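Q: Dropping a structure here in structure tokens format, bear with me for questions.
The values are calculated or read from the model by the stated rules, or taken from the named source; none is laboratory data. Quick caveat, the model's predicted, so the values are computed rather than measured. We place every Cβ from the backbone using ideal geometry, glycine too, and count neighbours over all the protein chains shown. Keep in mind that these areas ignore ligands, DNA and RNA; they rest on the heavy atoms of the full protein, side chains included. Shrake-Rupley method; radii C 1.70, N 1.55, O 1.52, S 1.80 Å.
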Amino acid sequence: WVRVGGGASYGGAIYYDAVAPYAGRSINAEGELTFTPIPAASLAFAYQRAWFQEPTTRDVIFDDHILRARAQFYITEALGTRFISEWNSATDLVNLQAVIQYQPKPATTLFLGYQDGVETNPLSEPVPRGLFFKMSYLWRV
């Protein structure tokens with residue numbers, strides 16, 4: 001009922017600058033720890049890091065970290081809920097999301113959710129918030 005996973009990559013990458021994109025070195029790493037005490041519930045914690053270095057000056061262009069916690073619970077086989085909390089060092093914002101998911105049949109899913117953010121820096125951009133609806137349906141020909 002405990003799962004641990006992760007991965008890392010290092011190598012050449014492209015920084016897509018609006019004026020002049022260029023190649024450099026990149027490191028991407030991630031890890032996740034998931035608890036599933038019962039089949040209908042899970043709690044996951046994840047960490048991601050993305051790092052990019054300019055090749056000639058060796059200046060670090062970005063070094064971003066993302067921490068995420070996700071709780072998921074299925075009330076019935078077709079009806080479930082999901083709560084996500086995420087902090088991103090690039091935006092310095094804590095994003096909170098609550099979603100109700102309904103899957104009446106395979107390949108058809110309806111989502112109703114609310115997203116809000118908490119500023120950790122008073123000089124940040126305005127907080128994104130809102131109610132959303134999403135529908136996924138499989139069309140067969």
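Q: Ignoring ligands, DNA and RNA, please state the percent of accessible area on the chain from carbon and sulfur, probe 1.4 Å. Don't skip to the end; give the middle numbers.
A: Numbers: 6070 of 9910 Å².
Accessible surface attributable to carbon and sulfur in the chain totals 61 percent.
Q: Further question on the same structure: For the range 1-68, take the alpha-carbon Rg, divide it by the Kirkwood Rh, and send me Rg/Rh.
A: Rg/Rh: 1.19.
Q: With a 1.4 Å probe and all protein chains left in place, how much accessible area per residue does the range 55-141 have, in Å²?
A: 72 Å²
Q: Could you give the nm distance between label points at Y137 and I75, where each point is 7 Å from its Cα heading toward the beta carbon?
A: The answer from the label model is 2.3 nm.
Q: Quick one: divide the alpha-carbon radius of gyration of the range 1-130 by 2.2 N^0.38 Å and tell me what you get.
A: In units of the globular-protein estimate, the range 1-130 measures up at 1.33.
Q: Taking every pair of distinct Cα atoms and averaging 1/r, then inverting, what Kirkwood hydrodynamic radius in Å comes out for the range 76-141? Before the final figure, lay out each step's value.
A: Details: mean 1/r = 0.0732 Å⁻¹.
This gives a value of 13.7 Å.
Q: A follow-up question, please. Using the Karplus equation 6.51 cos²θ - 1.76 cosθ + 1.60 (θ = phi - 60°), what ³J(HN,Hα) coupling, rounded to whole Hz, does each residue of the range 23-32 give in order, writing x for Gly and Pro?
A: 8, x, 10, 9, 10, 10, 9, 8, x, 9
Q: Something else about it: With a ≥ b ≥ c taken as the square roots of the eigenvalues of the C-alpha gyration tensor of the range 30-94, please select rounded if a/c is under 1.5 and otherwise prolate if a/b is larger than b/c or oblate if it is not?
A: In terms of gyration-tensor shape, prolate.
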